[in-house]
Amino acid sequence: MSTGTNKRRIAVIGGDGIGPEVCAEALKVVAAAGVDLATTAFDLGASRYQRDGSVLPDAVLEELRGYDAILLGAVGPPVGDTSVPPGTLERGLLLRLRFELDLYVNLRPFAGVPGSIAQGADFVVIRENTEGTYAGEGGFLRRGTPHEVATQGSVNTRMGVERCVRFAFELADRRPAHHLTLVHKTNVLTFAGDLWNRTVTEVSPEFPDVTWDYNHVDAACIYLVEQPRRYDVIVTDNLFGDILTDLAGAVSGGIGFAASANLNPARTGPSLFEPVHGAAHDIAGKGVANPLAAIHSAALMLDHLGESDAAGRILKALSEQSDTMTISTDPLSTTAVGDAIAERL
Ligand code: IPM
Ligand code: MN
C-alpha cells in the first residue's frame, strides 16, 4: 500500500464524452483498494482542440514525461462533428503519446463474459504499438489529380518486433497455458511476415516451456468467433492488433469491457492506460456508460506500478461483477457499477 510520502503521481486525461465519467469510477475503485494516488487532471482531447486549437503542446508532453503513469478515458468528437479533422487527435495526441513515450506494447486482455461468444475464453493480445502502418511512412504524389498516388508503408524493425515478441513470450511463460500464437499474413506480406516469423522462431528457444503456433489474420478472425478458447497470448503487428482487438472485444461481451495498457516495459517514461472504447457521446452524461474497461485499465496501471496486491483484488472483484453482468443485462448505472466493485474489495 502507498504511504503519503511516496504517492504515485498519475496524469489523468479524462478526455471527451464518457471519458471523464469512466475515469472517475476507475479512480474511485483504486481509492477503495487502498491505493492513495496523487492525480493531476490534463485537459486534452476534442473539446480542448475546439476551444483553443491545441492537441498536445510540447510543454504538456514534457510535463507528462515526469508522471509515474497516465490514465486516459477517451478522446474524440461526436460522430458526424467535422470540426476536428480526421487524424487530428489520433495522430496528434494518441499516437504521438505512444511514439514519444515509446509505449511499444499494447496489452489487451479478454475474458468472455457469461452469454458472450467467448464465454470461458481468457487470452491477451500483445499488439506492437509503435511501428507497422501506424508509423506514418508514405505520402502523396500528384494529389487531387487523375494520376494521384498514395502510399502508406508498413515499418517493421527487427528491434521493434523483437522487443514486442520477447514481451509476449515472457507473458506466456508466466501464464498457466504457456502458449503463444503469432498472427500475421505471411502468405502475402512476405517481407514483414518473414521478419515477424523469423523473430518468433529465433526467440522461441529462450522459452522452452512456451509452445507457439501461427495463424493467418483472416483465419484468426474465424477462430476468434468459432473457437476463442484456443488462444492464450496472441502477438501481432499494430494494424492487425487494432482490428483483432475490436473483434475480440465484441465476442467477449462488448467493447465496454475491453481494457488496454500501452506499456513502456523499459520504463524510460510513464506508461498509459485506457479503455479500448471511444468517447461514445451518444450516451455521455446519461450515467449509463460501462466503466468496467476503465476500472480494468486502472488495475493494469496499479500492477505496472508494483501495486500487484491491489491490482489482483480489483481484477477479482471485476470478474465477479462481470459474471453478474451478462450481455443481456439491462445497463446498470455507471456509478452503481463503480460502487459495486468498490464494495467487493
Ligand atoms: C485503438 C484506437 C486507436 C488505434 C485510434 C483511435 C488511433 O482505435 O486504440 O485501438 O487505432 O490504435
Ligand atoms: Mn482500435
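Select from segment 255-276 the residues that are more than 15 Å from ligand 1 (Cβ to nearest atom) and of a type in the set (Gly, Ala, Ser) and write down the one among them that is surrounded by the fewest Cβ atoms within 10 Å (Cβ to Cβ).
Among those that are more than 15 Å from ligand 1 (Cβ to nearest atom) and of a type in the set (Gly, Ala, Ser), it is Ala266.
Can you find a residue in segment 175-194 that is in a helix (DSSP H, G or I), surrounded by fewer than 16 Cβ atoms within 10 Å (Cβ to Cβ) and in contact with a Leu (Cβ under 7 Å, 6 or more places away or on another chain)?
Applying the first criterion (in a helix (DSSP H, G or I)) to segment 175-194 yields 190-194.
Now restrict to residues that are surrounded by fewer than 16 Cβ atoms within 10 Å (Cβ to Cβ): 190-191, 194.
Right, trim to in contact with a Leu (Cβ under 7 Å, 6 or more places away or on another chain) and you get none.
Within segment 175-194, not a single residue is in a helix (DSSP H, G or I), surrounded by fewer than 16 Cβ atoms within 10 Å (Cβ to Cβ) and in contact with a Leu (Cβ under 7 Å, 6 or more places away or on another chain).
Checking Gly19 against (1) closer than 27 Å to Arg344 by Cβ; (2) in contact with a helix residue (DSSP H, G or I) (Cβ under 8 Å, 6 or more places away or on another chain); (3) surrounded by 22 or more Cβ atoms within 10 Å (Cβ to Cβ), only one condition comes out false. Which one?
That leaves (2) as the condition not met.
For the structure I just gave you, tell me whether Leu27 is more than 16 Å from ligand 2 (Cβ to nearest atom) and either modelled with pLDDT of 95 or more or surrounded by fewer than 20 Cβ atoms within 10 Å (Cβ to Cβ) (or both).
Criteria met by Leu27.
Give the residues of segment 246-298 that are without any contact (Cβ under 8 Å) to a residue 60 or more places away in the chain and among the acidic types (Asp, Glu), sorted by residue number.
Within segment 246-298, just Asp246 meets the criteria.
One residue is enough: does segment 258-281 have a residue meeting the conditions touching a Lys or Arg at 6+ places or on another chain (Cβ under 6 Å) and more than 15 Å from ligand 2 (Cβ to nearest atom)?
The answer is yes; a qualifying residue exists.
With the checklist (1) away from ligand 1 (no atom under 16 Å from the Cβ); (2) touching a Leu at 6+ places or on another chain (Cβ under 8 Å); (3) among the hydrophobic types (A, V, I, L, M, F, W, C) in hand, flag the one item Val113 doesn't pass.
Against the list (1) away from ligand 1 (no atom under 16 Å from the Cβ); (2) touching a Leu at 6+ places or on another chain (Cβ under 8 Å); (3) among the hydrophobic types (A, V, I, L, M, F, W, C), Val113 comes up short only on (2).
Would you check which residues across segment 81-112 are of a type in the set (Val, Ile, Thr) and within 20 Å of Gly278 (Cβ to Cβ) and list them?
Here is the first cut: in segment 81-112, the residues of a type in the set (Val, Ile, Thr) are 82, 84, 88, 105.
Thr82, Val84, Thr88 - these are the residues of segment 81-112 that are of a type in the set (Val, Ile, Thr) and within 20 Å of Gly278 (Cβ to Cβ).
Given the conditions (1) on the phi < 0 side of the Ramachandran plot; (2) under 18 Å from the mean Cα position of the chain (by Cα); (3) within 16 Å of ligand 1 (Cβ to nearest atom), report the number of the one that Asn290 does not fulfil.
Here Asn290 meets the rest and fails (3).
Identify, by number, the condition in (1) out of contact with any Lys or Arg (no Cβ under 6 Å at 6 or more places or on another chain); (2) under 30 Å from Ser319 (Cα atoms); (3) crowded, with 17+ Cβ neighbours inside 10 Å; (4) of a type outside the set (Phe, Trp, Tyr) that Gly45 doesn't meet.
(2)
Within segment 216-254, can you find the residues that are buried (at least 22 other Cβ atoms within 10 Å of the Cβ), not hydroxyl-bearing (Ser, Thr, Tyr) and not in a helix (DSSP H, G or I)?
Of everything in segment 216-254, those that are buried (at least 22 other Cβ atoms within 10 Å of the Cβ), not hydroxyl-bearing (Ser, Thr, Tyr) and not in a helix (DSSP H, G or I) turn out to be Val233, Ile234, Val235, Asp237, Gly253.
Among Val203, Val210, Val188, which is the only one that is more than 28 Å from Pro275 (Cα to Cα), more than 16 Å from ligand 2 (Cβ to nearest atom) and in contact with an Asp or Glu (Cβ under 6 Å, 6 or more places away or on another chain)?
From the options Val203, Val210, Val188, the qualifying one is Val210.
Taking the conditions exactly as written (of a type outside the set (A, V, I, L, M, F, W, C) and more than 21 Å from Ala69 (Cα to Cα)), does Asp323 satisfy them or not?
Answer is yes for this residue.
Inside segment 125-161, can you point out the residues that are touching a Lys or Arg at 6+ places or on another chain (Cβ under 7 Å) and touching a residue at least 60 places away in the same chain (Cβ under 8 Å)?
Matches in segment 125-161: Val125, Arg127, Asn129, Thr130.
Kindly provide the set of residues from segment 239-255 that are more than 10 Å from ligand 2 (Cβ to nearest atom) and either under 23 Å from Glu137 (Cα atoms) or under 13 Å from the mean Cα position of the chain (by Cα) (or both), ordered by number.
Phe240, Ala248
The values are calculated or read from the model by the stated rules, or taken from the named source; none is laboratory data. A quick note: this is a predicted structure, and the numbers were derived from the prediction, not measured. A quick note on method: Cβ atoms are made from the backbone with ideal geometry, for glycine too, and the neighbour counts reach across all protein chains shown.
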